[in-house]
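Here's the structure, in structure tokens; my notes come after.
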Amino acid sequence: MLNPFLLYCAHMYDLVSIGDIKLDVFISLDDCIEKCNLKKEQILFKLGEKISVNVQDQQIAGSAPNVATALTRMGKRTAVVSNMGDDITHKMALEFLRKEGIATTYVKSHKGVRSAYSAVLNIQGEKTILVSYIKKKNILPKGLKTKWLYISEMGDEYESLYKQLLTHIKVEHTLLGFNPGNQQIMEGKPILYKLIKKSSVLFVNVEEGQRLVGSSKIKIKTLADRLFKLGPKEVVVTDGRKGAYGYDGTNLYFCPIYPGPRNEATGAGDSFAAAYLGARMHGFSMREGLMWGSVNAASVVNVIGPTPGLLRETQIKARLRKLPNYGPEIIS
């Protein structure tokens, strides 16, 4: 039987990602520790304070371009479907995507609309993101040919797209990587669970997974099993600095983080998901997918922003060779 992760058809994309393209501004709070600090997972500062900060960088970002960029660097042919404003962010995005070799055919600009924007607040290696979304419906392009689709965070205009995706997957037998956004998980509408059921890989962190199954106190094995019973072919659960898990309905794998420094964590989840899919597209196992994801994420958190640290396939393999004993274990 043909491995579905190796499906191929000429003249099509390997993966098309859908979602907002944003301008991310990265702001470090580490130098204003007297006026703002991290306490019990909260950033604290007084209302009305004037706080001097360090603007570290600004970059084109968003889960859709992050994932497309990661897979393009692994030698895959990608495109992004996105709505943007008719503004400088749109121009910057087109320049960035074209430089990376990502198709921009489906990136549309709209007059009178502002592109999405994020302010990323970094303190002690952790992040809080203030984000806006564009209020335009994403429409699946007619005649779209791709082996994979990838869907992640988006704003209010998601239900009609989810319905289009369900039809497209049924007709075209497209594989789906799905990382539901916070809004979609919190609303918990039936259409969300219908799309999860048709997913090839469901990507969530522990907290997102717990919300999806309606329980905040279950252990990882039970969580993975309950997520798998929602219908996806594979479940990948990330747990921050603790590592990540993969479950195929039979084996539950745990993969510790790949060792390295942590500077700024934006894009860690996107880089993990993209490298996992990249490994699977290359015909590697879930176990190797978890390793690829961990290596890519470790590289991304070592620098500022979601894309500068993304690795090529050869670089991932080289880093794994440096630690031959590194890898996942099966949790019984």
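The values are calculated or read from the model by the stated rules, or taken from the named source; none is laboratory data. The model shown is predicted, which means the values in this text are computed figures rather than measured ones. Neighbour counts are summed over all protein chains in view; Cβ atoms, including those assigned to glycine, are modelled from backbone coordinates with ideal geometry.
Across segment 95-118, which residue is surrounded by the most Cβ atoms within 10 Å (Cβ to Cβ) among those that are farther than 17 Å from Tyr13 by Cβ and of a type in the set (Ser, Thr, Tyr)? Residue satisfying both the conditions and the ranking: Ser115. Condition (residue is assigned to a loop (DSSP other than H, G, I, E, B), farther than 24 Å from Tyr162 by Cβ and modelled with pLDDT of 95 or more) applied to segment 92-100: is it met by at least one residue? No, segment 92-100 has no match at all.
Looking across segment 256-282, the residues that are over 12 Å from the mean Cα position of the chain (by Cα), assigned to a loop (DSSP other than H, G, I, E, B) and among the small types (Gly, Ala, Ser) come down to Gly260, Ala265.
In segment 310-326, the qualifying residues are those that are assigned to a loop (DSSP other than H, G, I, E, B) and crowded, with 21+ Cβ neighbours inside 10 Å, and the one that is nearest to the chain's Cα centre (by Cα) is Leu310.
The conditions of being surrounded by fewer than 17 Cβ atoms within 10 Å (Cβ to Cβ) and more than 22 Å from Tyr276 (Cβ to Cβ) are not met by Lys197. Assess whether Ser299 counts as being part of a helix (DSSP H, G or I), touching a residue at least 24 places away in the same chain (Cβ under 8 Å) and under 17 Å from Gln59 (Cβ atoms). Considered against the rule, which asks whether it is part of a helix (DSSP H, G or I), touching a residue at least 24 places away in the same chain (Cβ under 8 Å) and under 17 Å from Gln59 (Cβ atoms), Ser299 comes out as yes. Within the set of pairs 6+ apart or on separate chains, which have a first residue in segment 19-33 that is buried (at least 21 other Cβ atoms within 10 Å of the Cβ), a second that is of a type in the set (Asp, Glu), and C-beta atoms under 6 Å apart? Pairs found: Phe26/Asp57.
Residue pairs whose Cβ atoms lie under 7 Å apart, sitting 6 or more positions apart in sequence or on different chains, and linking a residue in segment 40-55 that is more than 14 Å from Lys127 (Cα to Cα) to a partner that is of a type in the set (Phe, Trp, Tyr) and outside any loop (DSSP other than H, G, I, E, B), are Ile51/Phe45.
Residue count for segment 164-187, restricted to those that are surrounded by fewer than 17 Cβ atoms within 10 Å (Cβ to Cβ), more than 26 Å from Thr266 (Cβ to Cβ) and either in contact with a Lys or Arg (Cβ under 9 Å, 6 or more places away or on another chain) or acidic (Asp, Glu) (or both): 3.
Given the criteria surrounded by fewer than 16 Cβ atoms within 10 Å (Cβ to Cβ) and not in a strand (DSSP E or B), does Gln210 qualify? The answer is no for Gln210. A single member of Gln124, Gln164, Gln210 is within 27 Å of Gly246 (Cβ to Cβ) and in contact (Cβ under 8 Å) with a residue 12 or more places away in the chain, and it is Gln210.
Being assigned to a loop (DSSP other than H, G, I, E, B) and of a type in the set (Lys, Arg) is the filter; apply it to segment 1-51 and report the residue that is modelled with the highest pLDDT.
Let us first name the residues in segment 1-51 that are assigned to a loop (DSSP other than H, G, I, E, B), namely 1-3, 7-12, 19-21, 29, 33-35, 40-41, 46-51.
Within this subset, residues satisfying the condition of being of a type in the set (Lys, Arg) are 35, 40, 46, 50.
Values: Lys35: 75, Lys40: 66, Lys46: 78, Lys50: 84.
Restricting to residues being assigned to a loop (DSSP other than H, G, I, E, B) and of a type in the set (Lys, Arg), the top hit is Lys50.
Among the residues making up segment 130-162, those that are crowded, with 16+ Cβ neighbours inside 10 Å, among the aliphatic types (A, V, I, L, M) and touching a strand residue (DSSP E or B) at 6+ places or on another chain (Cβ under 6 Å) are Val131, Ile134, Leu149, Ile151. Every condition in (1) part of a loop (DSSP other than H, G, I, E, B); (2) aromatic (Phe, Trp, Tyr); (3) surrounded by 21 or more Cβ atoms within 10 Å (Cβ to Cβ) is met by Tyr253 except one, and the failing one is (1).
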